[in-house]
Each structure stands twice: as C-alpha cells, then as structure tokens.
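A.B. asks: Have a look at the structure that comes next, please.
The values are calculated or read from the model by the stated rules, or taken from the named source; none is laboratory data. Small disclaimer: the values here were computed from a predicted structure and weren't measured. Neighbour counts run over all protein chains shown; Cβ positions are idealised from the backbone, glycine included.
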Amino acid sequence: MNTSIIDNEKKERDRYANNVSSMLNTFMQSQFEATIQRFENAKLSEQSPLHGLMGVSFVNAPPPNTASQNISSISTSYYPEKMTEVRTPEQTAQAPVYGDADTQKIVQKASQEYGVPVALINAVIKQESNFNPKAQSHAGAQGLMQLMPSTAKAYGCHNSFDPEQNIMAGTKFLGDLLAQYKGDVTLSLAGYNAGPGNVAKYGNTVPPFRETQDYVVKVGDYYKANLTAMEKSGQRFSQMEDSPPKTLSRG
C-alpha cells in the first residue's frame with residue numbers, strides 16, 4: 001500500500017479517536033465531578049498490579065477502514081448536547097440497577113476498601129454481566145465484573161465466578177485505573193473495557209472501537225441512574241470520605 005495512504009489513514013484514525021474521546025469527556029466528566037475530585041490527586045501505588053497490565057489489550061484493533069470512519073457517521077448518542085434526546089430517564093433507569101442484597105454487601109465492602117463509588121461499581125456490573133455471577137464472554141471474561149484471566153490473576157482473583165473475589169478484584173482494578181487517569185471516568189471505563197494497552201496505544205484517548213465507545217456511554221448512563229436512585233432514597237454519594245482508599249496515596 002502507498003505510504004501516503006497509510007499515513008493519511010493513521011491521521012484520520014487518530015483524529016477520530018481524539019474527537020470521540022473529547023465528546024465523551026465533555027459529557028461524562030461534567031456529570032461525575034465527585035469521582036474526579038476523589039481521584040485527581042491520587043497516586044497509583046508502586047505495588048499496583050496495573051503497572052504490569054499497562055501494555056495489555058482486551059480488544060483487538062479493528063481494520064483501518066473501520067477505525068478511520070468519518071466522525072460524522074457516529075450515532076447522535078455520542079454528542080453531549082443530544083444525549084437527553086436519545087436517552088430518556090425511563091430508558092436509562094433499566095432494572096435491575098442493583099443486584100441482590102448479598103451482592104450489595106460485597107459492593108459496599110469493595111467501595112470502602114478501594115474508594116470507588118458504589119454507584120459506579122454497580123453500573124459496571126450491570127453492563128458487564130447484568131448481575132449474573134456465572135456470566136462468561138466469548139473472549140474469556142468471567143463473572144460479575146467480567147474479569148479477563150490476565151486481570152483476575154494480577155489482582156489475586158483465583159475464582160472469577162466467586163462473587164466476592166470477582167467484585168473485590170474488579171473494583172481494585174477500576175480504582176487503579178481511576179488513579180492512573182486522575183479521576184477521568186471516561187478513560188478509566190475505556191481501559192476497563194478495551195485494556196489499558198489500547199488506551200495508551202491511542203494516546204490516552206478512548207480507542208476508536210465501537211464496542212468501547214458504546215460501553216463508556218452505557219455505563220455512564222447506568223452510573224447516572226444509580227446516583228439518581230441513591231439521591232431519591234436519601235443515600236450519600238459516598239460514605240467513605242473520612243478514610244482514603246487503601247490502595248491510593250494522596251499527592
């Protein structure tokens with residue numbers, strides 16, 4: 001293939017990834033300031049397993065003709081100003097937003113241990129497995145938070161189908177991503193779905209994979225629905241302000 005064509009495709013792919021990341025960040029980061037503030041001054045522990053996963057990719061890059069599609073072809077659901085038009089509260093608040101009581105006990109424990117909001121953990125579980133502890137993807141991800149084998153091993157999860165092991169490991173991984181990206185919810189979710197290696201590959205932007213872009217938006221919707229439900233029930237967004245998460249150190 002002509003070198004100039006390859007260069008043009010790369011430029012278009014990079015532009016696409018940057019534009020998508022910018023749009024998602026504009027919408028999501030404005031919604032979740034509490035999470036940003038909680039993690040923006042955090043430092044990733046030197047002992048974090050995430051250091052060993054920074055080159056890992058969970059999703060293979062699509063062919064150039066897929067990755068370099070024109071930005072105008074993206075669904076209107078990616079445009080912040082049109083989010084309310086394509087996702088009504090009724091569409092967003094899909095049940096179950098939370099799992100059963102036993103699952104929620106573990107979620108609360110993981111939240112207190114690693115500082116990740118309960119609402120966000122539940123949003124990830126909802127999207128990943130719909131609260132099915134026996135869920136398994138075609139790619140090999142397992143359990144409630146759909147841990148890839150490499151992630152499960154790195155975070156000390158020996159049985160991904162065990163709810164407590166899965167949620168504790170998945171939450172610790174998500175918390176480390178939030179620390180790595182200074183509270184950037186969008187990049188953290190992109191790293192959770194596509195792997196931190198793919199986020200790094202595309203210059204710390206959301207990778208140009210439709211699966212990952214859909215994932216970020218859907219989890220964001222569930223997160224908002226969870227926060228709304230908690231506000232209506234009188235719960236605080238976070239009940240762990242007095243004790244910083246154990247895996248993080250404050251800068």
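A.B. asks: Would it be correct to say that Lys172 is touching an Asp or Glu at 6+ places or on another chain (Cβ under 7 Å), more than 18 Å from Asn130 (Cα to Cα) and touching a residue at least 40 places away in the same chain (Cβ under 8 Å)?
C.D. replies: No.
A.B. asks: Report whether or not Gly156 is closer than 24 Å to Asp221 by Cβ and not aromatic (Phe, Trp, Tyr).
C.D. replies: Answer is no for this residue.
A.B. asks: Mind checking which pairs have a first residue in the stretch 207-230 that is under 17 Å from Val118 (Cβ atoms) and a second that is assigned to a loop (DSSP other than H, G, I, E, B) and of a type in the set (D, E, K, R), Cβ under 7 Å, 6 or more apart or different chains?
C.D. replies: As it stands, the answer is Asp221/Arg87, since those pairs meet every condition given.
A.B. asks: Still on this model: In the stretch 93-136, what residues are more than 17 Å from the chain's Cα centre (by Cα) and farther than 28 Å from Ala42 by Cβ?
C.D. replies: Ala93, Gln94, Ala95, Pro96, Asp100, Ala101, Asp102, Asn132, Pro133, Lys134, Ala135, Gln136
A.B. asks: Regarding Gly183, is this residue closer than 23 Å to Asn198 by Cα and in contact with a Cys (Cβ under 9 Å, 6 or more places away or on another chain)?
C.D. replies: So Gly183 fails the test.
A.B. asks: Which of the residues that make up the stretch 168-193 are over 21 Å from Asn41 (Cα atoms) and either more than 9 Å from the chain's Cα centre (by Cα) or surrounded by fewer than 24 Cβ atoms within 10 Å (Cβ to Cβ) (or both)?
C.D. replies: Within the stretch 168-193, Met168, Ala169, Gly170 qualify.
A.B. asks: Cβ-Cβ below 6 Å, separation at least six or inter-chain, first residue in the stretch 136-160 and within 20 Å of Gly197 (Cβ to Cβ), second aromatic (Phe, Trp, Tyr): which pairs?
C.D. replies: Qualifying pairs under 6 Å: Met148/Phe58; Thr151/Phe173; Tyr155/Phe173.
A.B. asks: May I pose another question? Checking Ser77 against (1) touching a helix residue (DSSP H, G or I) at 6+ places or on another chain (Cβ under 6 Å); (2) modelled with pLDDT of 95 or more, which test does it fail?
C.D. replies: Here Ser77 clears every test but (2).
A.B. asks: Identify all residues within the stretch 97-129 that are small (Gly, Ala, Ser) and surrounded by fewer than 21 Cβ atoms within 10 Å (Cβ to Cβ); write none if there are none.
C.D. replies: Selection gives Ala101 alone.
A.B. asks: Any residue at all in the stretch 130-140 that's crowded, with 21+ Cβ neighbours inside 10 Å and hydroxyl-bearing (Ser, Thr, Tyr)?
C.D. replies: The answer is no, given that none of the residues of the stretch 130-140 is crowded, with 21+ Cβ neighbours inside 10 Å and hydroxyl-bearing (Ser, Thr, Tyr).
A.B. asks: Condition check: at pLDDT below 95, among the acidic types (Asp, Glu) and under 20 Å from Asp214 (Cβ atoms). Does Asp100 satisfy that?
C.D. replies: Here the answer is no, as Asp100 does not meet what is asked.
A.B. asks: Return yes when Gly140 is under 28 Å from Lys201 (Cα atoms), assigned to a loop (DSSP other than H, G, I, E, B), of a type in the set (Gly, Ala, Ser) and modelled with pLDDT of 80 or more and no when it is not. I'd like the intermediate steps shown before the answer.
C.D. replies: Working: under 28 Å from Lys201 (Cα atoms): yes; assigned to a loop (DSSP other than H, G, I, E, B): yes; of a type in the set (Gly, Ala, Ser): yes; modelled with pLDDT of 80 or more: yes.
So Gly140 passes the test.
A.B. asks: What are the residues in the stretch 46-65 that are out of contact with any helix residue (DSSP H, G or I) (no Cβ under 8 Å at 6 or more places or on another chain) and either among the β-branched types (Val, Ile, Thr) or at pLDDT 80 or above (or both), if any?
C.D. replies: Within the stretch 46-65, Glu46, Gln47, His51 meet the criteria.
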